[in-house]
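Below is one structure, written out as structure tokens; comments come after it.
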Amino acid sequence: MDVLSNRTEVFNANEVDRLWWVVDARDRILGRLASQLATILMGKHKPKYASNLLCGDHVVVVNAERVRLTGKKFREKRYIRHTGYPGGQREDTPYTLYKRVPHRILEQAVRRMLPKTRMGRKQYTLLHVYVGDKHPHEAQNPQTLPVHDDRS
């Protein structure tokens, strides 16, 4: 029987149970899916969460090229980056990015929702994104992530 206490429970990295989840991105709205994945990668969906520990789960995303953008975002949204050289600002749209590397749209959306720290970079390594239905993580027995219906 658990007794209520005013003490904060402290745990270490050895006590973290890391699960594997698989998500089908087919016809899912990009921003809503990315925010759900970021929450799982950070570990905020667990009862035991600590911002100083890597306590998130692995997420395998299949059919990443089938993710959906609403409105005119597919043609009019802009991704801006800089090469580091003078005059090196580059612009892409989701359409041009999709033609080159279709899974990058989802990867960027999730990465930009994670913390911009060392911990955020570690959390990003737990994300595995694949084009198509197949992935090489069957040995880990990933569970299907229960997703909210975001079709509106």
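The values are calculated or read from the model by the stated rules, or taken from the named source; none is laboratory data. As the structure is a prediction and not an experimental result, all values here were calculated from the model. Note: ideal-geometry Cβ built from the backbone for every residue, glycine included; neighbour counts use all protein chains shown.
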Item checked: Residue that is modelled with the lowest pLDDT [pool: residues in segment 133-152 that are surrounded by 12 or more Cβ atoms within 10 Å (Cβ to Cβ) and under 17 Å from the mean Cα position of the chain (by Cα)] -> D150
Item checked: strands (runs of 3 or more DSSP E) wholly inside segment 41-102 containing at least 1 residues that are within 17 Å of the chain's Cα centre (by Cα) -> 58-62
Check: Of V59, V110, which residue is at pLDDT 95 or above, touching a His at 6+ places or on another chain (Cβ under 8 Å) and under 20 Å from H137 (Cβ atoms)?
Finding: V59
Check: Given R28, R18, R90, R75, which one is surrounded by fewer than 16 Cβ atoms within 10 Å (Cβ to Cβ) and either aromatic (F, W, Y) or closer than 26 Å to A139 by Cβ (or both)?
Finding: R18
